[in-house]
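The values are calculated or read from the model by the stated rules, or taken from the named source; none is laboratory data. Values in this document were obtained by computation on a predicted structure and should not be read as measured data. Cβ placement follows ideal geometry from the backbone for every residue including glycine, while neighbour counts extend to all protein chains displayed. With ligands, DNA and RNA removed, areas are computed over all heavy atoms of the protein, side chains included. Shrake-Rupley method; radii C 1.70, N 1.55, O 1.52, S 1.80 Å.
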Amino acid sequence: MTFTEKNTLIFLVVSALGFGVYAALVLSRAQGVPLVEVAYAAPMLWTIGGAIVAGIVGQTVLSALEPKEAREKDQRDRDIDRFGILMGQSFIVIGGVVALLLTMAEAKYFWIANTLYLGFVLSALVGSSARLIAYRRGLPQ
Amino acid sequence: MTVTRVTNSIRALRFAHQEMTQADLATRLGVTRQTVIAIEQGRYSPTLEMAFQIARVFKVPLDAVFQYPD
């Protein structure tokens, strides 16, 4: 497993865990309260911030464990990275368009914010998964 | 799993060149060993530039390294 492949795996796990913790926090606060009235902003900001910090810590630890020459990216890493970005970016667009439509429909802020967050998370999960599959099975022709 | 129709003789060429290891070839090409493995197994098509570099390492023409069946 190359350095960038391990980094991708860390990013995938951190993204999934971050969203999982957020969803659990919001749902636990929704006991007897309508979902749209749950205070979601603080858990969202903390889990996004926590995921960023966890990702940086994970990459720093990985960098310290790997020899310098193993940390260099080659052409295949760059090709796979571009493929992952391409696969993931559609979910950011979908999230943005749905959030736009929700805004026009004057939906609650809860749904708009969570749609955008879900778009980012799906983009990260799909992009990372596509990269890991490409590392194992090769890039589609 | 092979994702390209391009086949290659890198493994045979390595053994014909003092049993060059994948790591040695990777060092000469400036790529990771995993990339050499992926190319050998047909899971990754190298750029044209890298293909020429591989041929140059073995001192053979490009079509002695890579083949494209009819």
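Quick look at the values:
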quantity: Those residues of the range B:1-43 for which accessible area with every protein chain present is at least 30 Å² below the isolated value (1.4 Å probe); calculated: B:Met1, B:Val3, B:Thr32, B:Gln34, B:Thr35, B:Arg43
quantity: Principal axis dimensions, the range A:28-100 - Cα atoms, whole angstrom, descending; calculated: 55, 30, 15
quantity: Net length gained if the chain between A:Met1 and A:Ala113 were fully extended (0.36 nm per residue, minus Cα distance); calculated: 36.7 nm
quantity: Heavy-atom accessible surface of the range A:3-137: percent carbon and sulfur, 1.4 Å; calculated: 72 percent
quantity: Using a Förster distance of 30 Å, the FRET efficiency for B:Tyr68-A:Glu66 (Cβ separation, nearest 0.05); calculated: 0.25
quantity: Label-to-label distance, nm, for residues given as A:Leu45 and A:Leu100 (7 Å Cα→Cβ offset); calculated: 2.8 nm
quantity: Förster radius 30 Å - calculated FRET efficiency between A:Ser129 and B:Thr4, Cβ distance, rounded to 0.05; calculated: 0.85
quantity: Cα-based equivalent ellipsoid of the range A:74-118: semi-axis lengths in Å, sorted from largest, via gyration tensor; calculated: 32, 9, 4
quantity: Largest-first principal axis extents of the Cα set of chain A (Å); calculated: 53, 34, 18
quantity: Under-5 Å amide H pairs with B:Asn8, H placed in peptide plane, nonlocal only; calculated: B:Gln67
quantity: For the range A:3-137: relative contact order, % (alpha-carbon pairs under 8 angstrom, 6 or more apart); calculated: 36 percent
quantity: Carbon/sulfur fraction of accessible area - the range B:2-70, other protein chains in place, 1.4 Å, %; calculated: 53 percent
quantity: Interface residues, the range A:62-92 - accessible area loss of 40 Å² or more versus chain alone, probe 1.4 Å; calculated: A:Asp74, A:Gln75, A:Arg76
quantity: Between B and A, accessible area buried - total, square angstrom, nearest 100, 1.4 angstrom probe; calculated: 1100 Å²
quantity: Most mobile listed residue (A:Gly127, A:Gly95, A:Gly50) in chain A, GNM with C-alpha springs under 10 Å; calculated: A:Gly50
quantity: Coordinate range along principal axes, alpha carbons of the range A:37-79, Å, largest first; calculated: 51, 25, 7
quantity: Average accessible area per residue (Å²) across the protein assembly as shown - probe 1.4 Å, nucleic acids and ligands excluded; calculated: 60 Å²
quantity: Helix-only mean residue ellipticity at 222 nm for chain A, each DSSP H run of n ≥ 4 adding -39500 (n - 2.57), per residue, nearest 500; calculated: -28000 deg cm²/dmol
quantity: Other protein chain Cβ atoms within 10 Å, averaged over every residue that makes up B:44-50; calculated: 3
quantity: Whole-Hz ³J(HN,Hα) from phi, Karplus 6.51 cos²θ - 1.76 cosθ + 1.60, for the range B:53-63, glycine and proline x; calculated: 4, 5, 4, 5, 4, 8, 6, 9, x, 4, 6
